[in-house]
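A short worksheet on the structure shown next.
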Amino acid sequence: MADPASVPSPLRVMMFLDFWNFQLGMREVEDKWRADYKKLPWALLAAAKDMLQSPAGVSLAGLKVYGSYDPASQTEVGLHRWATTVLPRFPGVSTEFAERQKKKSGAKCPGCHFEVRTCPSCGHSMLGTGEKGVDTRIATDMVSKAWEGAYDVAVLISSDRDFVPVCSFLQAKGIIVIHGSIGYSGAVVSAACWGQIDLLAIKEEFRLPYQPPAAVV
């Protein structure tokens, strides 16, 4: 009988997904794209398994979805409700959606760089809202979870080049980082990672079928 201590353990794969970067990136390719978040982690895990070729296999350590929302938008309030009450019910999925912060500066003229804080026609504020802190939260979790020993392999789904330093840092510490890219988007991030999963190549594995709106009788 083999000594349990000598039996290799599956590689634990943890996934970090930038919601808006993922959603907008996929919809640039296909306008009405919708992802099935029940299937997504398992599609990514299968792709990672094929790439890693680990004798002991792989296991899902979790998929965390990060995003932001505008509390002044009824649509985005509904998105926040879905992200915090429905998504976490799926096996292995957790979420973190923060309220978008008001920008401190308005739009600027590209010619004279004059800042427009209010609309000259109606007086409405033009400060808008901005997504702040999502990248920082993802990077912090990638490092802190690695330090805690919570995973062996990270799958990062974002094309933002701001992640290049954290990917390089983790790999220098012996953590495998795989980039979940949308085609060639985020090539700089892919280059900083151990490997790459092209989400477009496996998109049918996690597509949410289109359901037309119910007919009004």
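The packing ranking of peptides 185-192, 146-153, 70-77, highest mean first, is 185-192, 146-153, 70-77, where packing means the average number of other beta carbon atoms within 10 angstrom of each residue. Spin-label model, Arg81/Val188: points 7 Å from Cα along the beta carbon direction are separated by 3.9 nm.
In a DSSP loop and with at most 11 other Cβ atoms within 10 Å, the trypsin sites (Lys or Arg not before Pro) in the stretch 23-79 are Lys32. Past 23 Å, Cα to Cα, is the threshold; run Lys173/Lys203; Lys64/Lys145; Lys49/Lys203 against it and keep the listed order. The pairs that break the limit, which is 23 Å between Cα atoms, are Lys173/Lys203. Per-residue 3J(HN,Hα) values for the stretch 53-62, derived from phi via the Karplus relation 6.51 cos²θ - 1.76 cosθ + 1.60 with θ = phi - 60°, read 6, 6, x, 8, x, 9, 9, 8, 8, x Hz in sequence order (x marks Gly and Pro). Here the simple spin-label model places points 7 Å from the Cα toward Cβ, and for Tyr210 and Asp160 these points are separated by 3.0 nm.
Cβ crowding within 10 Å, taken as a proxy for footprinting-reagent exposure, orders Phe169, Phe16 from fewest neighbours to most as Phe169, Phe16.
Throughout, read-outs are computed from the coordinates displayed, never taken from laboratory work. Owing to the predicted nature of the structure, the values given are computational and were not obtained by experimental measurement. Positions of Cβ are generated from backbone atoms using ideal geometry, with glycine treated the same way; all protein chains shown enter the neighbour counts.
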